[in-house]
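The values are calculated or read from the model by the stated rules, or taken from the named source; none is laboratory data. Here the structure is a predicted model, which is why all the values come from computation and not from measurement. We place every Cβ from the backbone using ideal geometry, glycine too, and count neighbours over all the protein chains shown. Ligands, DNA and RNA are excluded from the accessible area calculation, which covers all protein heavy atoms including side chains. Shrake-Rupley method; radii C 1.70, N 1.55, O 1.52, S 1.80 Å.
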Amino acid sequence: MRSHILGALSMPNLYIKTYGCQMNEQDSRQVSEMLMARGYCLVKNEEEADVILLNTCSVREMAERKAIGKMGMLRKLRYKRPRLILGYLGCMAQIRGAELLNISPYVDLVVGTQKTHRVAEYVDTIFRRLQQARIDDERLPIVEVGEEQDPPISTLSHTRRTPTKQQRVTAFVSIMQGCNMHCAFCIVPKTRGSEKSRSMKEVVEEVQTLVDEGVSEVILLGQIVNFYGRHSLQKVDNKTPFVQLIERIHQIEGLERIRFTSPHPIGFQKDLIDCFARLPKLMEHVHLPLQSGSDRILKSMHRGYTVATYLRLVEKLRAVRPDLAISTDLIVGFPGETEEDHLATQEVYRAAGFDHAFIFRYSPRKATSASAMQQQVSEDIKEARNRDLLHLLHVTSERKLATRVGTRMEILCEGPSKTNPNRFKGRTRTNQPVIFDGSNRHVGRIFDVLITGSSASTLYADPALSL
């Protein structure tokens, strides 16, 4: 059946490649849903696509290089399909705008994060134009990176979802957009704008819709997710808006699991810490970015906390939920970082007893204060320190996961493993991936497994306990 928007035109195929964080993943899903509602068909192979969109990241220079390099390779597909539409979306599009047309002059579309909700409209415009034009006519790109005063953060709850062969078990839900913190290394305030929160009613309705469609677990998303509603909503019974939201979602019948990411340590007030003791659907896992184990570097980063206050927060969280798993973010090679600072980070890593970490080499971003700082660290030193922390992560994670062998753990089966479709993947309450021999009947189910093996990043299990 043809889309009422496209009329007599054939239904085009859409391919989206996403770089970066979960917010970008959610934006890509939003764009896909809007275009599929207009009659576009989502495909998994760029060779089959009539529209190819790259949803980009600007947090690190390497992410930008990958996207630009990928677009250069995609240009070759134009020789086979002259009317192929190519576009940049996301953070790099927002920050670089029309400059990208100098780098990739064959691109048809550049849309920043503030206009994600209009991508479907722009793609339709370009598609119609190309169908009606001659192949050798000049192509007029659309560039839209202006900031909207009040852009919708998510349109998924207002969009008719297209049925898929396999419904999602886990779903991301964006509850806010933007950031007001201005950490010295971070470009997000430039790419995502200032903090804007969705209404609580809208978020709860979206979660209810997802649960009605078979979703068992939701992950609440925000640049600083625990700052949700702090400028637009009031405390009630001394509970912050974020805690109020979690409580309302917790009441939804049929929802089994709640997670959130990424919070800021200074946003963890007592009411949020207490949630982990009294709300069983809130999983015992917290992603708690540290960034550095040096007070001097934390101050230079404008992080707003010290190592001592961070470790006290870790103690408070584990006091209310002893089995809580904590993951973190670390940056190596921030301007001015000395070997002493680097060793301090390793020491704090051990003291906090992290279960996992995402480790990044500092990458200067032009629009950030850190890019103009003196004492930039050489790439060789960054690489060496990165290896140090990765080794520490490997050793500590391998040791921790080995202690799980022989125990029973509850998992939610998400579906076939991406690396081996003949096996299945689940996730523990502490957010640990578990691989096991299963079948489609396990997908979407929550059950206990016996852990039979481990590596530095994954658990392996026997699901026989669930049969």
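Tabulated data
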{"quantity": "Matching residues in region 50-67 - criterion: being without any contact (Cβ under 8 Å) to a residue 60 or more places away in the chain and either in contact with a strand residue (DSSP E or B) (Cβ under 8 Å, 6 or more places away or on another chain) or open to solvent by less than 40 Å² (accessible area, probe 1.4 Å) (or both)", "calculated": "I52, L54, N55, T56, C57, A63, E64, A67"}
{"quantity": "Subset tally (residues that are open to solvent by 20 Å² or more (accessible area, probe 1.4 Å), β-branched (V, I, T) and in a helix (DSSP H, G or I)) for region 120-136", "calculated": "1"}
{"quantity": "Total residues in region 213-241, condition in contact (Cβ under 8 Å) with a residue 40 or more places away in the chain and either closer than 12 Å to V173 by Cα or among the charged types (D, E, K, R) (or both)", "calculated": "9"}
{"quantity": "Segments classed as helices (runs of 4 or more DSSP H), wholly inside region 152-251, with at least 3 members that are modelled with pLDDT of 95 or more and open to solvent by 60 Å² or more (accessible area, probe 1.4 Å)", "calculated": "200-212"}
{"quantity": "Filter pass, G7 being open to solvent by less than 60 Å² (accessible area, probe 1.4 Å), part of a loop (DSSP other than H, G, I, E, B) and either at pLDDT below 95 or closer than 30 Å to F358 by Cβ (or both)", "calculated": "yes"}
{"quantity": "Any hit, region 266-286, residues being assigned to a strand (DSSP E or B), crowded, with 19+ Cβ neighbours inside 10 Å, without any contact (Cβ under 8 Å) to a residue 60 or more places away in the chain and not aliphatic (A, V, I, L, M)", "calculated": "no"}
{"quantity": "Lone qualifier among A325, A370 - being among the aliphatic types (A, V, I, L, M), in contact (Cβ under 8 Å) with a residue 12 or more places away in the chain, closer than 21 Å to E61 by Cα and crowded, with 16+ Cβ neighbours inside 10 Å", "calculated": "A370"}
{"quantity": "Those residues of region 429-467 which are open to solvent by less than 60 Å² (accessible area, probe 1.4 Å) and small (G, A, S), in sequence order", "calculated": "G438, S439, G444, G453, S454, S455, A456, A461, A464, S466"}
{"quantity": "Close pairs (6 angstrom Cβ cut-off, 6 or more residues apart or separate chains): open to solvent by 40 Å² or more (accessible area, probe 1.4 Å) in region 294-313, not in a loop (DSSP other than H, G, I, E, B) anywhere", "calculated": "D295/V307; G304/I266; T306/D295"}
{"quantity": "Subset of region 137-151 [touching a helix residue (DSSP H, G or I) at 6+ places or on another chain (Cβ under 7 Å), modelled with pLDDT of 75 or more and among the charged types (D, E, K, R)]", "calculated": "E144"}
{"quantity": "So Y15, is it under 20 Å from A93 (Cβ atoms), open to solvent by less than 40 Å² (accessible area, probe 1.4 Å), among the aromatic types (F, W, Y) and more than 12 Å from the chain's Cα centre (by Cα)", "calculated": "yes"}
{"quantity": "Residue check, G20 assigned to a loop (DSSP other than H, G, I, E, B) and buried (at least 17 other Cβ atoms within 10 Å of the Cβ)", "calculated": "yes"}
{"quantity": "Residue check for L74: in contact with an Asp or Glu (Cβ under 9 Å, 6 or more places away or on another chain), hydrophobic (A, V, I, L, M, F, W, C) and either open to solvent by 10 Å² or more (accessible area, probe 1.4 Å) or under 20 Å from F127 (Cβ atoms) (or both)", "calculated": "yes"}
{"quantity": "Any hit, region 341-349, residues being over 25 Å from the mean Cα position of the chain (by Cα), of a type outside the set (F, W, Y), within 21 Å of V286 (Cα to Cα) and open to solvent by less than 20 Å² (accessible area, probe 1.4 Å)", "calculated": "yes"}
{"quantity": "Strands (runs of 3 or more DSSP E) contained in region 326-437 and holding at least 2 residues under 26 Å from R296 (Cβ atoms)", "calculated": "356-361"}
{"quantity": "Residue identified as more than 26 Å from F172 (Cβ to Cβ), in contact (Cβ under 8 Å) with a residue 12 or more places away in the chain, open to solvent by 50 Å² or more (accessible area, probe 1.4 Å) and touching a helix residue (DSSP H, G or I) at 6+ places or on another chain (Cβ under 7 Å) among R408, R404", "calculated": "R408"}
{"quantity": "First in region 103-116 and of a type in the set (D, E), second anywhere and outside any helix (DSSP H, G or I) and open to solvent by 20 Å² or more (accessible area, probe 1.4 Å), Cβ under 8 Å, 6 or more apart", "calculated": "D108/R139; D108/P141; D108/I142"}
